[in-house]
Structure formats: structure tokens, C-alpha cells
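Below you'll find the structure, written out as C-alpha cells, and then a few comments.
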Amino acid sequence: MLIGIDVGGTTTDAVLIRNGKVCSTAKVSTEPGNLMNSLLEALDAISRDVDPEQLERVVFSTTVITNLIAEGKTDRVALVLIPGPGINPASYTYPDSFFLKGAMDYRGREIHPLDEAEIRKTVGLIRESGFSRAAIINKFGQRNPFHELRIEEIFREIYPECKLELGHKVSGKLNFPRRIATAMLTSATRGHYIEFVEKIKKSLEERNIRAPVYILKADGGTLPVEKSIEFPVETIFSGPAASTIGALALTPEGQTSVVVDIGGTTTDLALILSGKPLMASKGAKLGGFLTHVRAFAVRSIAVGGDSVVRVKDSDTGTKQITIGPYRAGPAYCMGGKETTPTDALKFLGLIEVGNPESAGEAIKAMASALGKSETETASLIVDKVAQRIADAVNEMFFEWEQEPAYRVWEVLQEKEARPENVVGIGGGAKGLIAEIAKKLDAKPVIPEYAEVGNAIGAAVARPTLTLNLHIDTEQKVYSVAEEGEIVSLNTTNFGNFNKIRLDEAEAMAAELLRERAENFGISEYADEAEVVNSEVFNVVNGWYTTGRLFDVNMQIPAGLIPEWKRRENV
Amino acid sequence: MKLGLGRLRDVLKTGSGSGEGEKKQVEGKNKAEKEEMQTINEENKPEISERNEGNTMELRKAGLESKKEPLSPADRTGADKTGLIFFPAFDWAISPTHPEREERLLYTRDQIFEEGLMDLPEIAEYKPRLAEYRDIARVHFCVPDIKAQATTPHLIAAGSCLVLGDALMKAEVKNAFALIRPPGHHAMTVAHGNRGFCNINNEAILVEYLRKKYGIRRIAIVDTDVHHGDGTQEIFYNDPDVLFISFHQDGRTLYPGTGFINELGGPKALGRTINIPLPPGTPDEGILYVLDTLVLPILKDFKPELVLNSAGQDNHYTDPLANMRFSAQGYAKLNEKLAPDMAVLEGGYAIQSALPYVNTGIILAMAGLDYSCVREPDFKPGMFVQAARDRKTLEEVVAAQLENWKNRDRLVESEVAKHGDFYRRKKQIFYDTDMIQEFQEETIRMCPDCQGYKTIDSHAHRSGDDTRIFGVSIPIYACKNCQAEAREEYRKSLNHPEYEYVYLQDKKEDEYRAYNTRTKQEIAY
């Protein structure tokens, strides 16, 4: 049996799945101050009558990191930065930064040495200033971590208690500012996150649950909870990821869908293209900082079921309806004070819940202000909301089509997709899905258990893993961005480094990914790995080729666990 | 990517996610290669102007489109972003060890991505597209046809310039940088092959596209590549509305061996071509001196609607193909002072020691950001000093060219008086990459009402293969008489068997034709 729990901002949803079927569901209110309570309450609600021995897998998605950052409850981190030439580091807006001399270039060659005396002075200063955590980030540190490692050594020597984060271990991708932010947030949240994980483990022990426990990441993949301590910030935005995986699980395989989760104040959108959730081309933004955290391409728009509807005079003197962006409590037909899209839906008979008389009153007030009939007014409100959401969907598709291309074949590859389905996930404003689908010329789909689609997504998401291999045959080294080690090519089986072929580099990446998957305890998914991009460049000095640079990017993409997939075949 | 408001509006308006313009691009390659072919035999001679009026198909193709009023450039005072297309063509090379090869911009990519430049709110990154064949035909006579000269990477490099040109004209961005390859500034009107790593001229294609689409007229192109921008010079040599300024290492010491101060433009455009040969070894100081004392004052005087920087990066002190001493700081300062509306990458082959730093500097400078910390690993301020003798040479060049600029109208007047109805000149052009020797006779109609149409009789020799072509070019702002006369010239030339191909480039009508005298087939682009 599988358990999936999504701790959202308003509610915590849980499901119990047996043999690919949803056995029970639960929805409890989230206590903002105590996520752990909400999580356990939901867990107990669905596992009450179940023998803990029968549980095979428990997956949580939680906003714990997002909340820590939003509430400013993170730890202070001293940022030790080695920027080298480029943008003036004075333009960075990171707090508590200490800049050091030294520089690496894009090939990982040292262009300026470190100044040991300066480092010692800075470490002393960090200690005196009371920082117990520091993050050391070097521009191009992922191409050669020597400077970061040397500074780490000096810390160990004169301030051994300080907890350290090294940029090259946090992300191997190009983008120094994002690496700074990711390292900073990782360091700032890890302490609290470890406490959270400890509590979860303890609570599960108390309940005799010994099934493996996973945490959902922003890229829709699961990570064993012990392992997640290394990457706390990857657990952000797992709510939208859970909904998207849920939609993937509840719609036919291989289709293109828009996932629409209409809440009270906002509507969250995500895309599934030919059965694959669309990843954002760059990392997520967190606490005002751009990071390297992989996440789905999700969009949140400020219109929801409870958005306030007003009639206003336009510039041309005609009366117009405005919707949102605020919420002033529940809809009028649910006991609130303001007219909302929910009232319009109720008036038109598109939803079950709510008091029909109050909905009528709410619409009547709008209609008289607008000078239109009540049905016209209600239809206009619904139409306007659906249009806003449909526009945002089109914009997402357009942005995807317009993503930069750096190769000839990428420009020639004509990205064009339109949604086949509009999938409503979550409890809100179901009546709107059909209207949005009409505008997008797609099929409206409201799956069974849509209101706990997010929890289903958590329960059936499979692990994800990335591996970025960089080989420089001129310098005779290779590195795996995620591992942060620079390894001599002499340790490999390659004979003549200059004869390495791209397919051999890809095979090497696949093998390294297999090892990494084993290390993560997810080796059974290694076969799902795919090459995202691989390229090779000659290094030419004068008119002679003196080496080659390989880059192979592989991933186990987001998807569903086999237990769930098998169910479809039954 | 970040979307400009204009494009977002397009999306919302159509509701389909792609505006009309974009929709065409989605059709991609097919659309780019749009051409029509028809066979013309003796009885069925093309009567172009009449057929245009009679044939609705043709009307749709050439007539209606060109008669549509051009759009107006939007007011850019509110725009605050720098548009950027980074198209490194990682899968294209002239040959594996050629300087123009796959990894030319690899380290530049590493540097600008590691700096996080694409994340800056001041930068809007755009996606490249393919230029259409007619965009190429608006500038070039491609021999034998466009497909042979403009391969897909060339179409994307040119198309990238057009994307940014549109963004600029719609005021989505305040300025733009096309960080693209392959380059183009050595490509001339007639394209028999590749010369100086160039097949088609990106800047010229952009200029004619913007003129056609947005009705602008006066444009200044400042070529800052170390090599003389002979292709761009040739294309606009007789166009008084295009000011072409090139500074480059002295042609006596470097390819293509031209760009001397006496090359001032055709009779009716004298003084609109300004060349500044620089002594080898000229550092930042010398180039910035030329900029301050000559380029900027002339630009101010000319009042162009648009300033383009044909931005080569091979003046750098580490460039393997040239001998100058310009630095990344110098390049950044140059772009800050010149403040071009758009920069288009040309050459620059110190791919490790210069390009990552030069490009970072240019992007920051164009975006109005602090570039003071951008420097090459081995750079030390003051490491290059201008020799006194070179300084004197530059002062003389500047003085001479200021004089030419001041007297340009008089120069035109006296030169025009020397010629009758036509001005002819003979030229020899060498294609270093493809080893072609071309002989040309160019004829300009000395029209009292416009700049006059141009014909080119071109004879290319390559080992075991000779080709002779004839091309007729009608400027976009030509008078009706010139247009009619030129079209007649085209029609008459179709019967001349000494030409293998005959071309018509009617920019006024936006109509482009290529006729194969052997197969008697005419292609309309």
C-alpha cells in the first residue's frame, strides 16, 4: 500500500492507495504554525485501520522550507565569495558577503591565486561576527573546486565548528549568482530541515511504520528522506509538482494537458507535453533569489474562486467588471461579504456547493450596477475568469516555444503544441474547467479524486536524478557536476583520450548515473535514464586540435512508479 | 525568456499563442525557402509590370504586400531592456580547425552564463528564427541561387538580426546585441561564394528589412571589426542615406587589403563612406581617440534614425589573425560611447583569451551596467601605450576625413558633373575562402531625382568553372522612372546568352527574381 500526503498552504491532503486503487482519502486544515501536526493528523486519518506492516511507501510533499524562508526563520549564513573578473560584485544583493581575491576561468584554470592571509583574516572575522554557518562559492568553482576546498581547509583549521557549504557541491551548473543563492539557502535551512526530518522519523517509528519514506521535490521526483537532508531547498514548490504528477497519473498516457488548480485567491497552472511534465528551463525563484533548483514550469495567476468581483467605470465611461486580485473571505453564497466568481458559477448552476439564494443576491447587485441581466452578468464573470486563465495558458505555451535556441537543429525543431485536455485538479471551482477548455479548444477533464490529485501525485511519483558529465581531454580530467570531484581520466578505461567518441562519453555518463542511483538507493530506476543533451567540441590551439570537451547531461525524468503504471494495464 | 509587452499583447490578442508574424515563423524552414518557379519560353516573355496587375497570385505575393503602408517605429524612450540573441551555432563550422568553427563562442557561453547575464532584469533574451529567402534577395544576387549561399546557419544568423530589429522597432528593447555566427560583413551584393568567412551580409539584410517594414531611411553602420567591412561598404557605396564608417587595421597589412581614406562612396554618396585605417598595434587609446574626434561628431551631424555596430572583436591584443591591442575594457567603453541601437557580432578569433571577456563587457555596457571589473586574466591597465608616430598618423587621418565630411555636398556636386547619364566602374574581387576571382562592372544610373538604379555584370572564375551573371538593383527609395527603366533592363537581359543568370532586385516593389538563361526558368522570391 502507498501513502501520499501533500501539506499545502490551506489544507493537508492524504491518500491511501492499494493495488493501484485509491482506498481512502483525507483532507485536514493545515495549521500554519505546526506543519508536523497537520501532516500526522492526515497520516493518522488514512492509516488508522491499516496494518503498518502492509505499507510499502510513504511520500510527503511539504512547504516546510518555503515557510521557513517566507517567515524569515532561516539561519544566518556568511557568504565567502570569490568572484574573479566579470560583473562588479558590488552589484550583488546577497546579505553577509565576504569577497576574496582569487579566480578560476571557464576551463577551471587558476587565473589569480588565493591570498591566504586574507582568507585567515576573513575566517576570523566571520567567527567574531557570530556566524555559525558559511557558504564558500567560487565563480567557475564547478570547473575546478580547488579554491573552495582550500578555503574549507582553513576554516577547519581555525574555525572547525563552522558548518560549511561549498558551491560546487550544491550545483554544477553554470550561473554563479544562482549558485550563491542556492548554497546560501541550503545552508540557511538545513538545520531546521534536519529537525523536521528527525521528527518525521520519530513519529513514524511511534506508529510502527517501517516503509521507506520519501520526500517530493520541485521537479516532481521523490528522494529518500535521509538523502533529502543534503538538498533541503529541492523540496520547495512540491505542492504544484504533486498536482502535476497527480494529473499525469489520472489522465491517459502520452497526452498534452494543462493542469489547472483553481484555489480561492490564485490559480496554479502547469503543462504536460506528450505525457511529460514541462520543466522550467531555469531554476526556481525562492525568497526573492533565483536559484539552481529544478522545478516544473508552473505559473500562478491572481484569480481564484473567491476573487472579489467589482463593477468599475472604464476610461471610456462604460461600466466594466474587474476580478481580483484580492480575496475578502469566502464567496457570498458561502457566507462571505463580496460577490465572487463562485457566486456566478453557483447562479449558473455549474457547481454543487453554496447557497443558491445568496448567489442570486450577489449577482443581482452586480447586474444592476452593470445594467445587464443577471444571467448575462454571471456569464460575463465566468467568461472573464476563464479568459484570464486561458490567456495565461497560451502565454505559457508561447514562452515555451520562444525559449532560446543555441544550435541549428534547435531552431529548426518547430515547437508547437496545443493542449488536448484541461485537467482540473484540487477542489476549487470545477465549473470553470469546461469554460477554460472551450476557450482552448480542448477537452475538459475532471478526474475521479481530483480534489486529492496532489496527494495521489505524491504517492505515485518516482525518483528523479540528474547527472552532468564534463570531460576535458586536453587537461585529462572529468567531473560530475553533482558530485563535485575533478577526476583524472587516467582512472578510466579510456586508452587514447583524444579518440574518445561521443557515444563512449554517453556510456560513461550512463555508468556514472547508475552508480549515483545506487548511492541514492534508487538503482531500480537507473534504466529510465535518458540523455537530455550531449555535445563535443574540439579544443584548437593555432591550427591543431589539442583536445576535446564533452558535455553529457542525463536524467531520470519525472514520472510514475511501476506499481501505478501496471494498474492501467489491468 | 522574458517577453516584451508588444509580443505579449500579440499573444493575448490572437489567443492562439502566436501572432500572425510568429505564426509564419512557426512554419519555419518551408516559409523561409518560399520561392516560386516558372518556365519562360520565347513566346511567353515575362512582362512583369503588366502581369503584376493582372495576376492575383502575383499581386498577393508582391503587389499587395509592398503596397501595404510600412509600420512606424515605436517610441523607444520608455524601453529599458537590452535585447540579446545568443546564437553560437554550436553545430556548425566552415571546417573542423577553421577559426570559424563550432566552439568559437563556447567559452563566451560559459562566461556569460556563469555571470548570470541572462537573468539580469536589464536583459531580454530572444529566440533566433530563420530569415526568409526574400530577406536575402533584398540585398544579394546569390549565384547560382540563395540556397547555395545561405545555408541554414546563415539564415538563422540573419534571422536573429531581424528578430532583434523587430524588437527594437516595436520598442520592446532600448538596444540590442546579436551575438551570433556565422558573420557577414565581407559579403557583397553579388555572392559567388564565401569570402572572409562570410556568405551573406547580416547588417545589410537587417537594414533593408527595417527600411521595408518600418519605413526608416537614414542609417549609420559603424564597423568596428579589425578587418575592413568591404562587403557592407560595397552594398551601400552609392546610397547617400547609409553612412558607413569603418575603422580597421591598415589594409596594407591585413585582409581584405582595402578601406583606405580615398574610398569615400559613389558619385552621389561621396563622404557617406568613411574609412579609418589604423596602424598595427593601435591600443584602446587610439581607437577611442578616433571615436571621440571623428566617429561621434560625424554621427551627430548625420542624425541617423538607427546606428548599427558591426561589432568584430578581433582588434583584441590576443587575436591570432590581426595585430591590434584593443582590450575588453576598450570594447566596453567603445559601445558605451557609441551607444549603438544594435550591435551585430562579426569576427574575433581569440576564442579563449578575448571573447568571453569582450562579450561580457559589451553586454554590460549596452545594458548600462558596471563593466569596470571585466578584464582579461593577463590585462594590466597601461600595458599598451600608443606610439607617438601612430598618434600623429591618426590625427592626420581624422583631420582628412573631417574635411571630407564637411565638404561632402561639394564633392558630390563636382563628381556628378563629371559623369553623363551613367557612372561605371570596374572591380576585381577575390574570395579567399573559396578561391574565386571575380571581375565586375558596376553601372549606376545618374538620376537627378533619386540615387539611381544599379546594374552589375559579374564574371567569376574558379578552377574549371566560370560563371557570368547580370543583376539589376532598384533602391527602395528609387524614383518611378528609374524603376521602370531598370525593370526594362532586366527584361532585355533575359535574352543575353552570355549570362547564365539574370537577377532583378526591386526593393521599391519588394519583388525579387532570378532567371536561369539555360533552363529558362525564373524564380520569384
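Quick check on A:ARG143: is it among the charged types (D, E, K, R), more than 25 Å from A:ILE194 (Cα to Cα), under 28 Å from the mean Cα position of the chain (by Cα) and crowded, with 17+ Cβ neighbours inside 10 Å?
yes
Where the second residue is among the β-branched types (Val, Ile, Thr) and buried (at least 17 other Cβ atoms within 10 Å of the Cβ) and the first is more than 16 Å from A:ALA459 (Cα to Cα) and lies in segment A:40-51, which pairs have Cβ atoms under 6 Å and are six or more apart or on separate chains?
A:GLU41/A:VAL28
Determine whether segment B:86-104 contains at least one residue that is outside any loop (DSSP other than H, G, I, E, B) and of a type in the set (Val, Ile, Thr).
Of all residues in segment B:86-104, those outside any loop (DSSP other than H, G, I, E, B) come to B:86-87, B:102-104.
Checking which are of a type in the set (Val, Ile, Thr) leaves us with none.
Among the residues of segment B:86-104, not one is outside any loop (DSSP other than H, G, I, E, B) and of a type in the set (Val, Ile, Thr), which makes the answer no.
Take segment B:367-386 and flag every residue that is away from chain A (no Cβ under 14 Å) and surrounded by 14 or more Cβ atoms within 10 Å (Cβ to Cβ).
B:PHE384, B:GLN386, listed by residue number.
Are any residues in segment B:132-158 among the aliphatic types (A, V, I, L, M) and in contact with a Cys (Cβ under 8 Å, 6 or more places away or on another chain), and if so, which ones?
B:ILE136, B:ALA148, B:ALA150
Would you check if B:GLY361 is without any contact (Cβ under 8 Å) to a residue 40 or more places away in the chain, buried (at least 24 other Cβ atoms within 10 Å of the Cβ) and either at negative phi or assigned by TED's automatic domain parsing to the domain that holds B:LYS174 (or both)?
yes
Mind listing just one residue for me: the one in segment A:518-561 that is over 21 Å from the mean Cα position of the chain (by Cα) and in a loop (DSSP other than H, G, I, E, B) and, of those, nearest to A:LYS227 (Cα to Cα)?
Only one residue tops the list, namely A:GLY521.
Test each condition in (1) within 21 Å of B:THR258 (Cβ to Cβ); (2) in contact with a strand residue (DSSP E or B) (Cβ under 7 Å, 6 or more places away or on another chain) for B:ARG408 and report the one that comes out false.
Single failed check for B:ARG408: (2).
Taking A:GLU148, is it in contact with a Gly (Cβ under 7 Å, 6 or more places away or on another chain) and surrounded by 14 or more Cβ atoms within 10 Å (Cβ to Cβ)?
On the way: in contact with a Gly (Cβ under 7 Å, 6 or more places away or on another chain): yes; surrounded by 14 or more Cβ atoms within 10 Å (Cβ to Cβ): yes.
Against the criterion (in contact with a Gly (Cβ under 7 Å, 6 or more places away or on another chain) and surrounded by 14 or more Cβ atoms within 10 Å (Cβ to Cβ)), A:GLU148 qualifies.
Which condition does B:GLY257 not pass, out of (1) surrounded by fewer than 22 Cβ atoms within 10 Å (Cβ to Cβ); (2) on the phi > 0 side of the Ramachandran plot; (3) in contact (Cβ under 8 Å) with a residue 60 or more places away in the chain, if it passes all the others?
(3)
For A:ASN138, are the conditions met, namely being in contact with a strand residue (DSSP E or B) (Cβ under 6 Å, 6 or more places away or on another chain), more than 18 Å from A:THR74 (Cβ to Cβ) and in the same structural domain as A:SER97 (by TED's automatic domain parsing)?
In short, yes.
Specify the residue that is farthest from the chain's Cα centre (by Cα); the eligible residues are those in segment B:308-323 that are farther than 23 Å from B:CYS373 by Cβ and either polar (S, T, N, Q) or buried (at least 21 other Cβ atoms within 10 Å of the Cβ) (or both).
B:ASN323
Starting from residues that are more than 19 Å from the chain's Cα centre (by Cα) and at pLDDT below 95, keep the ones in segment A:58-73 and report whichever is nearest to A:ILE456 (Cα to Cα).
That would be A:GLU71.
When residues of segment A:218-239 are filtered for being closer than 24 Å to A:LYS163 by Cα and touching a residue at least 24 places away in the same chain (Cβ under 8 Å), how many remain?
13
Does B:ASP110 satisfy being outside any loop (DSSP other than H, G, I, E, B), surrounded by fewer than 21 Cβ atoms within 10 Å (Cβ to Cβ) and at the interface with chain A (Cβ under 8 Å from one of its Cβ atoms)? Walk me through it before giving the result.
Working: outside any loop (DSSP other than H, G, I, E, B): yes; surrounded by fewer than 21 Cβ atoms within 10 Å (Cβ to Cβ): yes; at the interface with chain A (Cβ under 8 Å from one of its Cβ atoms): yes.
Yes.
Quick one: is B:ASN201 in contact with a strand residue (DSSP E or B) (Cβ under 9 Å, 6 or more places away or on another chain) and within 20 Å of B:PRO277 (Cβ to Cβ)?
Numbers: in contact with a strand residue (DSSP E or B) (Cβ under 9 Å, 6 or more places away or on another chain): yes; within 20 Å of B:PRO277 (Cβ to Cβ): no.
It is false that B:ASN201 is in contact with a strand residue (DSSP E or B) (Cβ under 9 Å, 6 or more places away or on another chain) and within 20 Å of B:PRO277 (Cβ to Cβ).
Need pairs with beta-carbon distance below 6 Å; first residue within 14 Å of chain A (Cβ to nearest Cβ) and free of Cβ contacts under 8 Å to residues at least 24 places away in the same chain and within segment B:74-91, second of a type in the set (Phe, Trp, Tyr) and part of a loop (DSSP other than H, G, I, E, B); sequence gap 6+ or separate chains.
Once the first residue is within 14 Å of chain A (Cβ to nearest Cβ) and free of Cβ contacts under 8 Å to residues at least 24 places away in the same chain and sits in segment B:74-91, its partners that are of a type in the set (Phe, Trp, Tyr) and part of a loop (DSSP other than H, G, I, E, B) give B:PHE90/A:TYR406.
Looking at segment B:146-175, which of the residues that are among the small types (Gly, Ala, Ser) and more than 14 Å from chain A (Cβ to nearest Cβ) is farthest from B:THR455 (Cα to Cα)?
Ranking the candidates gives B:ALA171 first.
In segment A:366-400, which residue that is of a type in the set (Val, Ile, Thr) and closer than 23 Å to A:LYS319 by Cα is farthest from the chain's Cα centre (by Cα)? First the steps, then the outcome.
Filtering segment A:366-400 down to residues of a type in the set (Val, Ile, Thr) leaves A:375, A:377, A:381-382, A:385, A:389, A:393.
When the remaining residues are screened for being closer than 23 Å to A:LYS319 by Cα, the result is A:375, A:377, A:381-382, A:385, A:389.
Numbers: A:THR375: 41, A:THR377: 38, A:ILE381: 32, A:VAL382: 30, A:VAL385: 26, A:ILE389: 21 Å.
Only one residue tops the list, namely A:THR375.
Restricting attention to segment B:452-476, which residues are modelled with pLDDT of 95 or more and either in contact with a Pro (Cβ under 7 Å, 6 or more places away or on another chain) or outside any strand (DSSP E or B) (or both)?
B:GLY452, B:TYR453, B:PRO475, B:ILE476
Look at segment A:200-222 and say how many of its residues are among the aliphatic types (A, V, I, L, M) and either touching a His at 6+ places or on another chain (Cβ under 9 Å) or surrounded by fewer than 24 Cβ atoms within 10 Å (Cβ to Cβ) (or both).
Final tally of qualifying residues: 5.
Considering each residue of segment A:66-101, count those that are within 14 Å of chain B (Cβ to nearest Cβ) and in contact with a Gly (Cβ under 6 Å, 6 or more places away or on another chain), and give that number.
1
Residues in segment B:356-364: is at least one part of a loop (DSSP other than H, G, I, E, B), among the aromatic types (Phe, Trp, Tyr) and either at pLDDT 95 or above or out of contact with any His (no Cβ under 8 Å at 6 or more places or on another chain) (or both)?
The answer is no, given that none of the residues of segment B:356-364 is part of a loop (DSSP other than H, G, I, E, B), among the aromatic types (Phe, Trp, Tyr) and either at pLDDT 95 or above or out of contact with any His (no Cβ under 8 Å at 6 or more places or on another chain) (or both).
For every residue, the table says whether it meets (1) surrounded by 24 or more Cβ atoms within 10 Å (Cβ to Cβ); (2) closer than 16 Å to B:MET366 by Cβ; (3) more than 7 Å from every other protein chain (Cβ to nearest Cβ).
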| position | (1), (2), (3) |
| --- | --- |
| B:HIS98 | no, no, yes |
| B:ARG104 | yes, no, yes |
| B:LEU117 | yes, yes, yes |
| B:ALA137 | yes, no, yes |
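Across segment A:23-79, what is the number of residues that are over 19 Å from A:VAL452 (Cβ atoms) and polar (S, T, N, Q)?
Going through segment A:23-79 one residue at a time, the tally reaches 6.
The values are calculated or read from the model by the stated rules, or taken from the named source; none is laboratory data. Computed from a predicted model, the values in this text were never measured in an experiment. Note: ideal-geometry Cβ built from the backbone for every residue, glycine included; neighbour counts use all protein chains shown.
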